[in-house]
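Working notes for the structure below.
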There are 2 protein chains.
Amino acid sequence: MTISLYQASVPALIRGLTQLNVVLEKGAAFAESKNIDPQVLCNDRLFPDMLPLARQINIATDNAKGFPARMAGQQPPRYEDTETTFAELIARINKTIVFLETFKPGDIDGKEDKVVSFKLGPTEVTFNGLDYLTKFLLPNFYFHVSMAYAILRHNGVELGKRDYLGS
Amino acid sequence: MTISLYQASVPALIRGLTQLNVVLEKGAAFAESKNIDPQVLCNDRLFPDMLPLARQINIATDNAKGFPARMAGQQPPRYEDTETTFAELIARINKTIVFLETFKPGDIDGKEDKVVSFKLGPTEVTFNGLDYLTKFLLPNFYFHVSMAYAILRHNGVELGKRDYLGS
């Protein structure tokens, strides 16, 4: 037996995004309970030249929608990156989950050797499917989800590993 | 074509740990350049009840050594969790990489349905190989590597995404 490119990607991305919503919902509830302007948390960052919470969510979702789309030979949908509130960030995540759910294993499986190129900021990057999954998508996706967790945790939101991993 | 459990795990773990060493080396150099006691960084955390940097490294390496060992039917080697310096943490990571390099694809591949149980703190958890990889190992490993990055980044260590991802 072996595992498939779909099995190793789409269900894990949906799971990670579902848990990211749990983390953001706890952030929103924390802001409300403490009378903190939620924008303060959405704009917070761990260091002045690091990206703020909202951008971490943008990039996590961009990673998630980009992989199955490119593997299936589609252009990933473009989102405008205008979210500034917890509700808007959660809506973006839900939109991404709905998009991921449109993919079937047959759209992606067997594309381990398929080569795709895309722009990453100013840089053009090229990967085959397996390298895209293991060297870029998964480490990068989990990085940005973890940074969102870290920013909220650092602000005192009561998060535990289970909120991130799911049960 | 499909991908194998080995391809999706061991090379990614070795890569992640190699980059974690890059991150820690930058932390050690930063402490030296600023005349900061390196222990301050190794003991730092993002919130008072969160785990400090040294423990993030312990858990990342525990995740990395546990998966291939259990899939191959071995007990993972036990490390004593006594590291307190950058040099000791880097040595632990290097020891883990050497251990990972002992596995061959044939030790792990085809074990997607193999069920393993192990203790996670006080809790016994049970996974088949595919769920262990996608629902626990990878999200958890990247979480702890990312937290190590976040703690050092928050302290002003000049880290970029490339230090984490590799080139």
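The values are calculated or read from the model by the stated rules, or taken from the named source; none is laboratory data. Just so you know, these numbers come straight off a predicted model, no measurement behind them. FYI the Cβ positions are ideal-geometry reconstructions off the backbone, even for glycines, and counts take in every protein chain you see. All accessible areas refer to the heavy atoms of the entire protein, side chains included, with ligands and DNA or RNA removed. Shrake-Rupley method; radii C 1.70, N 1.55, O 1.52, S 1.80 Å.
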Quiz item: When you go through (1) within 12 Å of chain B (Cβ to nearest Cβ); (2) crowded, with 21+ Cβ neighbours inside 10 Å one by one for A:Met71, which number turns out not to apply?
Solution: (1)
Quiz item: Quick one: A:Tyr149 ticks every box in (1) open to solvent by less than 20 Å² (accessible area, probe 1.4 Å); (2) more than 14 Å from chain B (Cβ to nearest Cβ); (3) hydroxyl-bearing (Ser, Thr, Tyr) bar one, so which box is it?
Solution: (2)
Practice problem: Residue by residue through region A:27-47, note down the ones that are within 14 Å of chain B (Cβ to nearest Cβ) and open to solvent by 10 Å² or more (accessible area, probe 1.4 Å). | Solution: A:Phe30, A:Asp44, A:Arg45, A:Phe47
Quiz item: Conditions: (1) away from chain A (no Cβ under 13 Å); (2) within 18 Å of the chain's Cα centre (by Cα); (3) in contact (Cβ under 8 Å) with a residue 24 or more places away in the chain. B:Asp62 meets all but one. Number of the miss?
Solution: (3)
Quiz prompt | Residue within region B:86-99 that is in a helix (DSSP H, G or I), buried (at least 20 other Cβ atoms within 10 Å of the Cβ) and among the small types (Gly, Ala, Ser) present | solution = no
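For region A:15-34, state whether one or more residues are assigned to a loop (DSSP other than H, G, I, E, B) and of a type in the set (S, T, N, Q).
Quick first cut of region A:15-34, residues assigned to a loop (DSSP other than H, G, I, E, B) only: A:34.
Filter again for of a type in the set (S, T, N, Q), leaving none.
Within region A:15-34 (the criterion being assigned to a loop (DSSP other than H, G, I, E, B) and of a type in the set (S, T, N, Q)), the answer is no, since none of the residues qualifies.
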Exercise. Considering only residues that are aliphatic (A, V, I, L, M) and not in a loop (DSSP other than H, G, I, E, B), look in region B:152-167 and name the one that is most open to solvent (accessible area, probe 1.4 Å).
Key: B:Leu165
Practice problem: Among the candidates A:Gly110, A:Gly106, single out the residue that is out of contact with any strand residue (DSSP E or B) (no Cβ under 8 Å at 6 or more places or on another chain) and not in a loop (DSSP other than H, G, I, E, B). | Solution: A:Gly106
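Suppose we keep only residues that are hydrophobic (A, V, I, L, M, F, W, C) and within 12 Å of another protein chain (Cβ to nearest Cβ) within region A:100-126. Which one would you say is least open to solvent (accessible area, probe 1.4 Å)? Lay out the reasoning, then the answer.
Within region A:100-126, the subset hydrophobic (A, V, I, L, M, F, W, C) is A:100, A:103, A:108, A:115-116, A:118, A:120, A:125.
Filter once more, keeping what is within 12 Å of another protein chain (Cβ to nearest Cβ): A:108, A:120, A:125.
On the way: A:Ile108: 0, A:Leu120: 69, A:Val125: 26 Å².
Going through the qualifying residues, I end up with A:Ile108.
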Exercise. Output the residues belonging to region A:152-167 that are small (Gly, Ala, Ser), at the interface with chain B (Cβ under 9 Å from one of its Cβ atoms) and without any contact (Cβ under 8 Å) to a residue 60 or more places away in the chain.
Key: none
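Return the residue satisfying two criteria in turn: it lies in region A:129-144 and is closer than 24 Å to A:Cys42 by Cβ and more than 8 Å from chain B (Cβ to nearest Cβ), and of such residues it is surrounded by the most Cβ atoms within 10 Å (Cβ to Cβ). Write out each step before concluding.
If we filter region A:129-144 for residues that are closer than 24 Å to A:Cys42 by Cβ, which is where we start, we get A:140-144.
From what's left, more than 8 Å from chain B (Cβ to nearest Cβ): A:141, A:144.
Numbers: A:Phe141: 27, A:His144: 24.
Looking at residues that are closer than 24 Å to A:Cys42 by Cβ and more than 8 Å from chain B (Cβ to nearest Cβ), I get A:Phe141.
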Exercise. Evaluate the following for B:Arg45: is it part of a helix (DSSP H, G or I) and basic (Lys, Arg)?
Key: no
